[in-house]
Amino acid sequence: MQRVREASVEVDGEIVGAIGLGLVAYVGIEPGDDEPDVLTMCRKLAELRLFPGKTPMDLDVREVGGAVLAISQFTLLASVRKGRRPSFDGAERPERAKHLYERVCEELRSLGLVVAQGRFAAHMIVRQVGEGPVTIPIATRSGALL
């Protein structure tokens, strides 16, 4: 995820999601990811103190009135070990990945966040004004943070 001042995602010339201050969450789903991973990742994203307050990283996204722009991104799971073309064998099948991506968005909303979304499996133009820069990876396995 990345802390941003603003961000938007466009598909076929149309803005399909946009936020002001908040976080852009690039969501990559891999085989083995399941509901406990979604819950753990969403709680951590909502609770991490990444915004300035009394200290440079004092407030979470909800405390600053921020939002989340969630974008599915299977390329996070690319392997470049062999050859010149990345392999995406580490990414979950699209139908299952879409279900879990939608669950991420639902869970973030249930935690009180305003969530804008990209469009799953679409070619997207993402524009963002990074803040910090602050980029933090969150990875889970069997519901535990890695």
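Tell me, please, whether a residue that is of a type in the set (D, E, K, R), surrounded by 16 or more Cβ atoms within 10 Å (Cβ to Cβ) and within 22 Å of G20 (Cβ to Cβ) can be found in region 129-140. For region 129-140, residues of a type in the set (D, E, K, R), surrounded by 16 or more Cβ atoms within 10 Å (Cβ to Cβ) and within 22 Å of G20 (Cβ to Cβ): present.
Put simply, of A122, A139 the only residue that is under 20 Å from D33 (Cα atoms) and of a type outside the set (D, E) is A139. Of V68, V80, all but one fail to be surrounded by 17 or more Cβ atoms within 10 Å (Cβ to Cβ) and modelled with pLDDT of 95 or more; the exception is V68. Answer yes or no: is there a residue in region 14-21 that is over 14 Å from V126 (Cβ atoms) and touching an Asp or Glu at 6+ places or on another chain (Cβ under 9 Å). Checking region 14-21: at least one residue is over 14 Å from V126 (Cβ atoms) and touching an Asp or Glu at 6+ places or on another chain (Cβ under 9 Å). Scanning region 109-127 for residues that are under 24 Å from R43 (Cα atoms) and small (G, A, S) yields S110, G112, A116, G118.
What do you reckon, is E102 modelled with pLDDT of 95 or more, more than 17 Å from Q2 (Cα to Cα) and surrounded by 12 or more Cβ atoms within 10 Å (Cβ to Cβ)?
yes
Note on region 110-125: residues that are assigned to a loop (DSSP other than H, G, I, E, B) and within 15 Å of A18 (Cα to Cα) total 4. Considering A91, A144, the condition of being loosely packed, with under 15 Cβ neighbours inside 10 Å, modelled with pLDDT of 95 or more and farther than 25 Å from D58 by Cβ is satisfied by A144 alone. Filtered by the rule that a residue be crowded, with 18+ Cβ neighbours inside 10 Å, touching a Phe, Trp or Tyr at 6+ places or on another chain (Cβ under 7 Å) and not in a loop (DSSP other than H, G, I, E, B), region 21-65 gives a lone residue, V27.
Among the residues of region 9-20, those that are over 12 Å from V115 (Cα atoms) and buried (at least 17 other Cβ atoms within 10 Å of the Cβ) comprise V9, E10. When region 69-103 is filtered for residues that are in a helix (DSSP H, G or I), over 21 Å from R127 (Cα atoms) and in contact (Cβ under 8 Å) with a residue 60 or more places away in the chain, the ones remaining, listed by number, are R96, A97, L100, R103.
The values are calculated or read from the model by the stated rules, or taken from the named source; none is laboratory data. Since this is a predicted model, take the numbers as computed values, not measurements. Every residue, glycine as well, gets a Cβ built from its backbone with ideal geometry; the counts of neighbours run over all protein chains shown.
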